[in-house]
Structures are given as structure tokens and as C-alpha cells.
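The structure appears below as C-alpha cells.
The values are calculated or read from the model by the stated rules, or taken from the named source; none is laboratory data. Keep in mind that what you see is a predicted model, and the values were worked out from it rather than measured. All Cβ positions, even for glycine, are placed from backbone atoms using ideal geometry, and neighbour counts span all protein chains on display.
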2 protein chains.
Amino acid sequence: MSIFDYFRNNKKNSAAIAKERLQIIVAHERSQRNKPDYLPKMQQELLEVIRRYVEVDQDQVEVQLDQNGNCSVLELNITLPEAR
Amino acid sequence: MSIFDYFRNNKKNSAAIAKERLQIIVAHERSQRNKPDYLPKMQQELLEVIRRYVEVDQDQVEVQLDQNGNCSVLELNITLPEAR
């Protein structure tokens, strides 16, 4: 599913609920499979950057890490609190 | 395995070893269109996080920012230097 599909699917709901969403996808294509993967560690630091701009409730962060051969994909889905 | 297979296999490997890639996509769906968009500012800070893990040449960073209604998508495509 592409990122655009993700938002398209959510459009109906967001119109009613007026939620803000932030989605971060980090894809790393490695040249060597056995190299350490830093995406899990990076995840926390990326969240810290986001917190400088918006208030993020830890409960509202959904993390998914997929590894497929030499490609790792980290996906963070964050539902932001209502705009004040 | 024939000698032709040997070369064929080698070719694949060298193509794979060539480059490492990192792609970061940040998509922000806002509830209000007129709110300020912080993705352009966030971009530099996200790059700083990545630089803590890998060496990134500024020339090797391709940035694209798309805005469509109340949805902003920041895309960073980074070609990493050869693994050492």
C-alpha cells in the first residue's frame, strides 16, 4: 500500500474526527546483509525531533519495522492531539 | 555451476554492493489548512539524526516537498557512501 493510499483510506475518518496525522517512513537499502541495522535506534531520535514541533503522546505512536533481505523499513504512525 | 553462472552471479553482487540508499518520507495530514507547516524546518533536524549513524554527503541528498490540500509530504532520498 502506498503512502497515498494510506491517507486516502483515512480521509473519511479524518473528516469526521479532525485528527492530525504524521507518518514517517525510513527505508534503508543496505549493500551488505550482515551490517548492523541502526533503524531501531534511530527511531527514538526521530521521535525526539518531531516532539520539538508537536506534542506527541507515546500511546499514539505506532511503530512497525520490516526487514526483507537487505532492505529495512521503519514506519512510524503518529496520531497528533487536536490542534489548539 | 558453469563458468557463465559464476560471472552472472558476480555481476548481480557487484550491482548490489554499489550503493546504499536511505529514503525518508514524512507525511503530515493537517486538520486545518492554514496552520504553519513545519516539515521544511524539520528536514534539517532529521538529517542531523541520520548523520549520527552514517556519513551523509550533502550533494547526495535529494529533497522533495509536495503539498496537496492539507497534506504535506517531505521526501528525502539519500545515497550513502560505499560501506567501509
Considering only the range B:51-76, how many residues are modelled with pLDDT under 90, under 13 Å from the mean Cα position of the chain (by Cα) and buried (at least 18 other Cβ atoms within 10 Å of the Cβ)? 1
Pick out the one residue from A:Asn34, A:Asn10 that is at pLDDT below 75 and either surrounded by 11 or more Cβ atoms within 10 Å (Cβ to Cβ) or of a type in the set (Ser, Thr, Tyr) (or both). A:Asn10
Single unsatisfied condition, A:Lys41 versus (1) at pLDDT 90 or above; (2) assigned to a helix (DSSP H, G or I): (1)
